[in-house]
Amino acid sequence: MGHAGSPPAGSPGQRVQSIPSWSRWHHRLHRSLLASPDLLPSGAALLVAMSGGQDSLCLLRLLQDLQRLHHWSLQVFHGDHRWQPDSGANAAHVQSLCATWGLPCHLEVASSHLPSEAAARQWRYGRAIALCRRLDCSQLVTGHTATDRAETLLFHLCRGSGSHGLGSLRPQRPLAPGLQLTRPLLHFTRQDTLQCCQALKLPIWSDASNEDQRLARNRIRQRVLPELEQVNGAAVAHMAACAQQLAEESDLLDQLAREALSTMGANQSTSLSPQALAALPRALASRCLVHWIRDHTGRDPDRRQLNQLLLSLSHPKTTDQTMAILDGGWRWRWRGGCIHLQRGEP
């Protein structure tokens, strides 16, 4: 295994006779893609996000080996945030690996300091989306695993997220019109990708930022998950499955909320009947309010505001008054026995 600041052991892409051309890892991903053909459709143009770490390295190797069966076109994207002193060497390693494997590699380098993990992620996705448009790729493919999904569930749980946040990191989501973000390794754990890289003798680049305990995700990865795995050895797999179930239930709740808003005639109206909302189960009424407010204001209410709005349904106001000030200058008001969204001063 490579170490930060030094090239990984072995030359990039080195192939020897003992390396299997078809392993259980190939079979596992191939079977998964056959079961979900819309995930990475045959013949699709794929841009693979590549860090050089074990997850993306495993992903790229498996996709290239399966390319003859699925007829994709493959190109590689590497984003250099310039966070680490060896980031240039990391980028050179990825480029060398892609050259050895005969894959086009597109390098993007941040022109200024990115102050946070969130800013770096936003920059990376922005660059990748622009590159997909330029290359006419329909899929941006990342190496997120079941372990990442478990970590994300724990991260959002600490923040008090609902089912939508707890069920995030889905196998696929739209990034832009005509562009999907796809995560085909969500049924692999990080241990799986490590074993795959070792079996195929792939040169892993170790990212020193993964050891930075100032990052919440690293603390969850290095401290919390190992403790949970002591409680239950299959904790990661169980949490990833729980996240998938929550995602499916959240999608169903979204669908029911859309149907309820349509029945109320609220899809195109900034007025809403409190009686119709109050007749719904609280979870559905809450999701209706989120969609209604988001559709008309472009913003989500925070939990405190949402609870305040739900509580007010049980105590309708007969006089005109503002009940909540939402972001962007929007107000939630009672007027004429109905709920209204208003922008600016009344």
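The values are calculated or read from the model by the stated rules, or taken from the named source; none is laboratory data. These numbers come from a predicted model, not from an experiment. All Cβ positions, glycine included, derive from the backbone under ideal geometry; neighbour counts span all protein chains shown. Note: areas computed on protein heavy atoms with side chains; ligands, DNA, RNA excluded. Shrake-Rupley method; radii C 1.70, N 1.55, O 1.52, S 1.80 Å.
Numerical summary
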{"item": "Rounded, prolate or oblate (a/c below 1.5 giving rounded, otherwise prolate when a/b exceeds b/c) for the chain by Cα gyration tensor", "result": "prolate"}
{"item": "Which of Ala120, Ala285, His70, positive extreme of dipole for the chain (C-beta unit charges)", "result": "Ala285"}
{"item": "Whether the range 60-218 is rounded, prolate or oblate, judged on the alpha carbon gyration tensor where a/c under 1.5 counts as rounded", "result": "rounded"}
{"item": "Cα gyration tensor shape for the range 71-140, rounded if a/c is under 1.5, else prolate or oblate", "result": "oblate"}
{"item": "FRET efficiency for Ala119 and Gln213, using Cβ-Cβ distance with R0 set to 30 Å, rounded to 0.05", "result": "0.95"}
{"item": "Accessible area expressed per residue, the range 70-156, with surrounding protein chains retained (probe 1.4 Å, Å²)", "result": "43 Å²"}
{"item": "Heavy-atom accessible area ranking, 1.4 Å probe, most first, across Glu227, Glu151, Glu117, Glu249", "result": "Glu227, Glu249, Glu117, Glu151"}
{"item": "Residue-by-residue Karplus 3J(HN,Hα) for the range 110-127, coefficients 6.51, -1.76, 1.60, Hz, glycine and proline x", "result": "5, 8, 9, 5, 9, x, 8, 4, 5, 5, 5, 5, 4, 4, 4, 5, x, 5"}
{"item": "Considering only the chain, percent of DSSP beta bridges that pair antiparallel, nearest 5", "result": "50 percent"}
{"item": "Most mobile of Leu33, Leu140, Leu228 in a GNM of the chain (Cα contacts under 10 Å)", "result": "Leu228"}
{"item": "Probe 1.4 Å - accessible area at Arg343, Å² to nearest ten", "result": "150 Å²"}
{"item": "Accessible surface, per residue, of the range 236-346 when the full set of protein chains is kept, probe 1.4 Å, Å²", "result": "53 Å²"}
{"item": "For the chain, built as a Gaussian network whose Cα springs stay under 10 Å, the top-fluctuating residue of Ser112, Ser42, Ser163", "result": "Ser112"}
{"item": "Rounded percent of accessible protein surface that carbon and sulfur make up, the chain, 1.4 Å probe", "result": "52 percent"}
{"item": "Student exercise, the chain dipole from Lys, Arg, Asp, Glu Cβ charges, in Debye to nearest 20", "result": "220 debye"}
